[in-house]
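The structure under discussion appears below in the form of structure tokens.
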Amino acid sequence: MKEDRRSPLRDANLDRSTAEHVPQTPQTQSPSYRLAFADVDFMGQEELRPVRLQLELLKFEMLMDQYQIDSTVVLFGGARIPAPADKEKARTQTLADLSRFYDEAREFARLMTRKSKETGNREYVVCTGGGPGVMEAGNLGAHEEGGVSVGLNIVLPHEQAPNPYVTPELAFNFHYFAIRKMHFLMRAKAICVFPGGFGTLDELFETLTLIQTGRMQRVPMLLFGRAFWERIINWDALADAGTISREDLDLFRYVENAAEAMEFVETWGPLDARTDIPDR
């Protein structure tokens with residue numbers, strides 16, 4: 001899409017294209033002669049980290065604005081959770097049993113996308129980490145319903161790529177975990193957390209901390225699968241120890257299926273961010 005430029009000055013992309021066709025001389029072949037913004041080696045230097053952080057923040061924001069996406073519903077969950085059809089290949093029986101949440105994520109995303117389409121794909125757009133497992137299920141559900149969905153991938157040491165159901169124009173890749181996590185939450189109208197591992201726990205607790213401390217407005221915070229979460233996290237022990245308040249346990253709700261989660265999101269009343277922390 002060609003933009004109407006406000007500036008009468010020469011366009012940077014035009015200069016970059018022109019610079020690629022200059023005569024080949026010792027001077028023009030020198031790294032010092034490269035345009036700074038087009039010099040990949042220069043941009044990758046340690047000193048340029050602040051610029052790279054800003055670029056990762058800005059690119060996503062500009063494209064989300066371009067596609068007029070005002071709010072999202074975020075699905076966090078394990079990359080290792082298989083689809084029910086593949087549960088026999090799961091490395092543990094627990095993973096095989098958790099495969100039902102693949103279908104719940106898929107159905108929830110389908111229902112949420114139906115609601116999103118009523119807004120012209122502007123509100124309640126499904127957003128995942130773009131990978132396999134629960135993330136794939138979320139993007140698949142949105143795809144099956146004929147809507148759009150966002151995938152926020154991150155570069156990992158092992159080769160990986162976005163799942164094939166992310167809307168291509170809304171498939172992003174990140175270097176910085178911190179910026180990626182910001183983007184998950186900046187437009188979120190609901191957070192749905194499915195069973196998962198370290199990454200899912202990191203996303204869960206970071207979100208809870210932001211809500212607990214009043215750094216983020218209250219949104220529906222839904223944990224799928226009470227049995228799983230109560231087995232791996234002793235919430236009552238934290239409250240009994242006084243390291244969290246008993247009131248902090250009201251910051252999230254358990255749900256077991258897509259229909260229950262959908263009802264909770266649709267009946268949610270707006271709540272302001274906390275202005276103080278209970279028991280502090």
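Only the coordinates and a few stated rules stand behind these numbers; no lab work does. No experiment lies behind these values; they were computed from the predicted model shown. Cβ placement follows ideal geometry from the backbone for every residue including glycine, while neighbour counts extend to all protein chains displayed.
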Restricting to Cα pairs under 8 Å and 6 or more apart, the percent relative contact order of the chain works out to 16 percent
Choose one of Gly129, Gly44, Ala241: the residue whose Cα lies farthest towards the positive end of the charge dipole of the chain (beta-carbon charges +1 Lys, Arg; -1 Asp, Glu; about the Cα centre). Gly44
For Val150, which sequence-distant residues (separation of 5 or more, or a different chain) have an amide H within less than 5 Å of its own amide H, given hydrogens modelled in the peptide plane? Val126, Cys127, Thr128
Extension reserve of the Glu46-Ala83 stretch, reckoned as 0.36 nm per residue once the Cα distance is removed: 9.2 nm
Can you sort Ser116, Ser149 so the residue with the fewest Cβ neighbours within 10 Å comes first? Ser116, Ser149
Amide H neighbours of Gly214 under 5 Å, counting only residues 5+ apart in sequence or on other chains, H built in-plane at 1.01 Å? Arg274
Projected label distance in nm at Arg5 and Phe198, using a 7 Å step from Cα toward the beta-carbon: 4.7 nm
Glu260/Asn13 FRET efficiency (R0 30 Å; Cβ-Cβ; nearest 0.05): 0.05
About the Cα centre of the chain, what is the dipole size in debye to 20, counting +1 per Lys and Arg Cβ and -1 per Asp and Glu Cβ, all else neutral? 380 debye
Straight-line reach only, C-alpha to C-alpha below 18 angstrom: list the lysines that Lys181 could link to, leaving out same-chain residues fewer than 8 apart. Lys59, Lys189
A correct fewest-to-most ranking of Thr113, Thr28 by other Cβ atoms within 10 Å would be Thr28, Thr113
Translational diffusion of the chain, µm² s⁻¹ [Kirkwood Rh, Cα pairs; Stokes-Einstein; 20 °C; 1.002 mPa s]: 102 µm²/s
Need one number: nm distance between label points at Ala38 and Ile277, each 7 Å from Cα along Cα→Cβ, rounded to one decimal. 5.0 nm
